[in-house]
Amino acid sequence: MMSLKSALSNADRWLQDASFSTTFLLALASVIAIGIPDYLFGVDISLFILYIVPVGIGTWYAGKHCGIFLAILSSTPLMMEQVNAHYFVNRQGLFFWNLFMHVCTLLVIVYLLDVLVVHLRNEAALARVDAVTGVFNRLGFFERLEFSVNLMARQQIGFGLVYIDLDDFKKINDKYGHDEGDRVLRLTASLLGKSVRHSDVAARLGGDEFALLLHGVDRHQAVILIEKLRVALHRAFQMERVAVTCSIGCVTFRSFIPDPHSAIKAADLLMYEVKRHGKNNVLVEEYEAMTAHSATKPQ
């Protein structure tokens, strides 16, 4: 039972990673493979139920238009075998009824699967978005971070990882209530979204902590971007009369790229270094320099 479950899980992952053309050709080949014996068996034996599998796979992994095409195509053997049995001449009503029921039943399945896919994708997207600010939450950010780390490791592109903590945010909640605290969080998220490029990723990791993923930057570029961001946040908080500042730690990666959790931990350490030295500042380091410093630090 476990081996079957494992095989199905592996097949699901493979189909999710496969291109549209690969999935379409696989489903098309399956329909043809079922259609040949279905035609040879004639009108007395129907293999209709088997078509549900390739039509369902095509719909789930390649989209409803693929499913519609396969559903209509799968009626070809039925049409041909009925012509051979002289249904079109002698029993026209039954000929068209059988075709209608075959196609419509599969189209209903395509429709239901498409609705389910859209619903599940929407649910998955909502599960990765922070309800208060509308940016990615921790789950969504780590998924994007893992994808980006793997991509940039293959392409040898550097990136920066930013950890942001709102200084004295707890005082806002204690003095003015959580509604005001949520307003500050939304303001911060909005400014993060406006201050970075479209290719970058902003997220709220929880509480008063935010993160940014900066694609294709080195330490020098990151210093400029982060300082501009800190100043923009500081000015916005002053205009809104919010007694909050930001401690920001940023780690940049050039050649060696660790796993996502080690990367975020490195940025987190830099942020706490800022807080220990007076808050409301920026600290940017290269990961290679940080690890070299840790290796030479006396035990």
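Give Ala203, Ala131, Ala127 a once-over and let me know the one that is under 14 Å from the mean Cα position of the chain (by Cα), surrounded by fewer than 15 Cβ atoms within 10 Å (Cβ to Cβ) and small (Gly, Ala, Ser). It would help to see each step written out before you state the result.
Values: Ala203 fails: surrounded by fewer than 15 Cβ atoms within 10 Å (Cβ to Cβ); Ala131 fails: under 14 Å from the mean Cα position of the chain (by Cα).
Of the residues listed, the single one that is under 14 Å from the mean Cα position of the chain (by Cα), surrounded by fewer than 15 Cβ atoms within 10 Å (Cβ to Cβ) and small (Gly, Ala, Ser) is Ala127.
Among (1) in a helix (DSSP H, G or I); (2) closer than 15 Å to Phe237 by Cβ; (3) not β-branched (Val, Ile, Thr), where does Asp165 come up short?
(1)
Of the residues that sit in region 52-82 and are hydroxyl-bearing (Ser, Thr, Tyr) and crowded, with 18+ Cβ neighbours inside 10 Å, which one is farthest from Val117 (Cα to Cα)?
Applying the filter and picking the extreme gives Ser75.
Kindly provide the set of residues from region 206-229 that are closer than 22 Å to Asp182 by Cβ and surrounded by 15 or more Cβ atoms within 10 Å (Cβ to Cβ), ordered by number.
Once the filter is applied, which keeps residues that are closer than 22 Å to Asp182 by Cβ and surrounded by 15 or more Cβ atoms within 10 Å (Cβ to Cβ), region 206-229 yields Asp208, Glu209, Phe210, Ala211, Leu212, Leu229.
Can you tell me which residues in region 208-226 are modelled with pLDDT under 90 and assigned to a loop (DSSP other than H, G, I, E, B)?
Passing the criteria: Gly216, Val217, Asp218.
Please go through region 98-153 and give me each residue that is among the hydroxyl-bearing types (Ser, Thr, Tyr) and modelled with pLDDT of 95 or more, ordered by number. Walk me through it before giving the result.
Of region 98-153, the ones among the hydroxyl-bearing types (Ser, Thr, Tyr) are 105, 111, 133, 148.
Scanning region 98-153 gives Thr105, Tyr111.
What are the pairs with Cβ atoms under 9 angstrom where one residue, in region 143-172, is under 14 Å from Cys250 (Cβ atoms) and the other, located anywhere, is surrounded by fewer than 14 Cβ atoms within 10 Å (Cβ to Cβ) and among the small types (Gly, Ala, Ser)? Sequence gap at least six, or different chains.
Gly158/Ser255; Asp165/Gly207
Quick grid of which residues meet (1) among the acidic types (Asp, Glu); (2) closer than 24 Å to Met152 by Cα:
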residue	(1), (2)
Asp218	yes, yes
Val223	no, yes
Cys246	no, no
Asp268	yes, yes
Val282	no, no
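I'm checking my understanding of the structure. Among residues of region 272-282 that are of a type in the set (Lys, Arg) and on the phi < 0 side of the Ramachandran plot, which one is surrounded by the fewest Cβ atoms within 10 Å (Cβ to Cβ)?
Arg276
Select from region 230-271 the residues that are surrounded by 14 or more Cβ atoms within 10 Å (Cβ to Cβ), in a helix (DSSP H, G or I) and among the β-branched types (Val, Ile, Thr) and list them in ascending order.
Residue satisfying the conditions is Ile264 alone.
Please list, ordered by first then second residue, the pairs with beta carbon atoms under 9 Å, 6 or more apart or interchain, first in region 175-199 and not assigned by TED's automatic domain parsing to the domain that holds Phe159 and loosely packed, with under 15 Cβ neighbours inside 10 Å, second aliphatic (A, V, I, L, M) and not in a helix (DSSP H, G or I).
none
The values are calculated or read from the model by the stated rules, or taken from the named source; none is laboratory data. All values derive from a computational prediction rather than experimental measurement. So basically every Cβ, Gly included, is an ideal-geometry build from the backbone, and we count neighbours across all protein chains shown.
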